[in-house]
Ligand code: UT7
C-alpha cells in the first residue's frame, strides 16, 4: 500500500497586493520585482488567520475527495506561522471540519512542509497505521515579514493548500527528505525571546530574516540534486515525468532548475506571478490549479520538490 492524493483544495485570502501597491511604502518597483523574482502580486490576509485559511482549503479538498471528515484519521498542518503557539493549527482544523476521529498536529519544515507531511503520512500508510489522512500547507507569512525590508517582504504571500491522502495500490512511489541544521540562520524568524520572572524583561517578537543570496545558491543546487536523486532511485526516466512541481520561490530558481535538469519550462508549472512564495502552501496550491484546469491526468507521473528554512528539502515522485 502507498499514499495516493484523492482530493485537493486551496484557498487564499481575497486581498491582493500588487508590486505597484508596494511602491507606496517601499523603495522598489514592479520591473525589479518581476525581473528578479517573477512575482506580480500576492495575497495578504487582514482578517483570516492560518487556521482559517487551512480550514477552507481542507473543506475544498474533502469535497473534492468526496469523503466524510469523519473518515480522516490524521490531520497534519505544515506551518511556521500559526495563529497561536498552542494548540496546533491542525487541532483548530480538526475541530472546524468535524474530523472527530483524527489525531491532529503541526509540523515545522518551512517551505518543504507539504513534502514532509506527505512523507510522514506515507510512512503511516505503509505501516498500516492509518488509511486516510489530511495534509495541509498553510501560511500567513505577511504577519512576520519586515515590511520595510525590500529584499524579503516582496517575495511572500499568504495561502493554504490541502490534500486528502488515502491508502491505495498506486500513488506515491518515493519520498525523499533532508535537513541541514548547521544552516539554521540563513532564513529564520525569531519566536518569543526568553524573558520571564527572573529576567524581568518583556518578550520580544522577531521578524523574518533572510540571506537571500545564500538561499538562492542553496536552492539552485539542491532542487536539481534531489530531483535527480529521486528519478535515479526510482529508475524513472526524466522524459516519463509529465510535470515537475517545484516550490514557487523565484522564477529564476525554477529556470535554473530547468537548465540544470534539462527539463523544458513547459513541464515546470509556474503560478508565482499571482501568489508570490506561499511557503508550504505553494505546491498544493499549484496542484489544485492544475487539477481544476485539467492539466493533471490520472496516471500522470509527477515530481514535486521543495526547499526552505532549516535548511530543509524534500521531493516526492508519484502517480496522479
Ligand atoms: O522559500 C525560500 C524563501 N527564500 C527564497 O527563495 C530567497 C531566494 N533568493 C532570492 O530570491 C533573491 O536572492 C532575492 C529576490 C531575495 C534578491 O535578488 P538578488 O538578485 O539576489 O538581489 P540582491 O540581493 O543581490 O540585490 C541586488 C540589488 C541591490 O542593490 P545594489 O546593492 O546592487 O545597489 C539591492 O539593494 O537590488 C536591490 N534590491 C532591490 N531593488 C528594488 C533588493 N531588493 C530590491 C527591491 N526593489 N525589492
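What follows draws every value from the coordinates through simple rules; no lab data is involved. Just so you know, these numbers come straight off a predicted model, no measurement behind them. In this analysis, Cβ positions are derived from the backbone assuming ideal geometry, glycine residues included, and neighbour counts consider all displayed protein chains.
The stretch between residue 68 and residue 262, if pulled fully straight at 0.36 nm per residue, gains 65.6 nm over its current Cα-Cα span. The distance separating the Cα centre of the range 103-171 from that of the range 243-262 comes to 20 Å.
Its residues counted as N, the range 66-152 yields a C-alpha radius of gyration over 2.2 N^0.38 Å of 1.21.
Placing pseudo-labels 7 Å out from each Cα toward the beta carbon at residue 105 and residue 233 gives an inter-label distance of 2.2 nm.
Rg(Cα) of the range 1-56 divided by 2.2 N^0.38 Å? Could the numbers behind the result be given before it?
On the way: Rg = 16.2 Å, N = 56, 2.2 N^0.38 = 10.2 Å.
This ratio for the range 1-56 stands at 1.60.
Between residue 191 and residue 127, the contour length at 0.36 nm per residue exceeds the Cα-Cα span by 19.6 nm. Antiparallel beta bridges, as assigned by DSSP with both residues in the chain, represent about 70 percent of the total such bridges.
For the range 105-147, treating each Cα as an identical point scatterer without solvent, what Debye log10 I(q)/I(0) comes out at q = 0.22, 0.35 1/Å? Listed by q, the Debye log ratios stand at -0.76, -1.22.
Over the chain, Cα pairs under 8 Å with separation of 6+ residues give a relative contact order of 26 percent. Working from Cα pairs under 8 Å separated by at least six residues, relative contact order for the range 183-295 is 19 percent.
Each stretch of four or more DSSP H residues adds -39500 (n - 2.57); spread over every residue of the chain, this sum gives -9500 deg cm²/dmol at 222 nm. Spherically averaged projected area of the convex hull of Cα atoms, the range 246-320: 5.0 nm². Put in line by how crowded their Cβ is, counting other Cβ atoms within 10 Å and starting with the fewest, 216, 25, 156 read 25, 216, 156. For the chain, modelled as a Gaussian network with Cα springs under 10 Å, which listed residue fluctuates most, 141, 205, 187? Highest fluctuation of the listed residues: 205.
Across the range 7-101 the C-alpha pair distances fall into 5 Å bins from zero in the proportions 3, 12, 18, 17, 14, 12, 9, 8, 4, 2, 0 percent.
Put in order of Cβ neighbour count within 10 Å, fewest first, the listed residues 47, 193, 179, 152 become 47, 193, 179, 152. Considering the range 111-268 at the alpha-carbon level, its Rg and Dmax are found to be 18.9, 61 Å. In plain terms, the residue of 5, 136 with the fewest other Cβ atoms within 10 Å comes first and the most crowded comes last, giving 5, 136.
In this calculation the C-beta distance from residue 15 to residue 255 is compared with R0 = 30 Å, giving a FRET efficiency of 0.55. Across all directions, the average flat footprint of the convex hull enclosing the Cα atoms of the chain is 16.7 nm².
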